[in-house]
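Report on the structure given below.
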């Protein structure tokens, strides 16, 4: 029994230490924000690297998600004689939930793993140590621009995902099925509210952007400087980021609908 309690205590202490180290790193990144924004060119490069190079997977995924939502929504609403409301269903599903959540999951799989591998390889190659030897702070020069690049890129990708998804829903509902286009757009415009629906989606995308980017940077910065360590950190980035996004989505949805 004593051995079991000791193992539980060690596991708890190690997890608390990891949480403390992550919190300390986040505070250090936030404190270095002014220095990072003074060299905004570095942040702009990361917005391009994390955002522009993710456009293809975000756009294609949003288009097919819009296709599926329109088909499923039409077959469901047709039973109740409300097939014209399929545009409203597609728009609300995208801007409230699927746009931020699916974009964050895709962002974690594409950009998050890239960040972790990049930082991990820099650590394994002792590039971060070399920066410190040259009196260059790696948090300010390397991590902070990537952190704010992900923070900026994630909401833009989520907005693009939702917009392309609405276009995909229009193609299926209006062009393929034959729903009246006026009814499609009027139902959407009358039922989607800017602050209650679009605003909630923007808040979610901002939170997910911070979460995914920080998890990716933390895993890369704290990984073992070996090929196996970098590979394990990349895997942890996808797992931890995905679970964090889904858990935060539930919490944020509960808070937004209770206000």
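The values are calculated or read from the model by the stated rules, or taken from the named source; none is laboratory data. Predicted, not measured: the structure shown is a model, and the values here were computed from it. Please note: Cβ atoms are built from the backbone with ideal geometry, for glycine as well, and neighbour counts cover all protein chains shown.
For region 188-217, which positions are free of Cβ contacts under 8 Å to residues at least 24 places away in the same chain and not in a helix (DSSP H, G or I)?
Residue satisfying the conditions is 193 alone.
If a residue must be over 12 Å from residue 115 (Cα atoms) and touching a helix residue (DSSP H, G or I) at 6+ places or on another chain (Cβ under 8 Å), how many such residues does region 131-143 contain?
Of the residues in region 131-143, 7 are over 12 Å from residue 115 (Cα atoms) and touching a helix residue (DSSP H, G or I) at 6+ places or on another chain (Cβ under 8 Å).
Being within 21 Å of residue 157 (Cβ to Cβ) and out of contact with any helix residue (DSSP H, G or I) (no Cβ under 8 Å at 6 or more places or on another chain) is the filter; apply it to region 54-96 and report the residue that is surrounded by the most Cβ atoms within 10 Å (Cβ to Cβ).
Among those residues, the one meeting the criterion is 68.
Yes or no, residue by residue, for (1) closer than 20 Å to residue 64 by Cβ; (2) modelled with pLDDT of 90 or more:
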site: 105; (1), (2): yes, yes
site: 108; (1), (2): yes, yes
site: 119; (1), (2): no, yes
site: 131; (1), (2): no, no
site: 136; (1), (2): no, no
site: 153; (1), (2): no, yes
site: 162; (1), (2): yes, yes
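Out of the residues in region 218-235 that are surrounded by fewer than 18 Cβ atoms within 10 Å (Cβ to Cβ), in contact (Cβ under 8 Å) with a residue 60 or more places away in the chain and in a helix (DSSP H, G or I), which is farthest from the chain's Cα centre (by Cα)?
Once the filter is applied, the top-ranked residue is 227.
Restricting attention to region 128-136, does a residue exist that is under 30 Å from residue 22 (Cβ atoms), surrounded by fewer than 23 Cβ atoms within 10 Å (Cβ to Cβ) and within 27 Å of the chain's Cα centre (by Cα)?
yes
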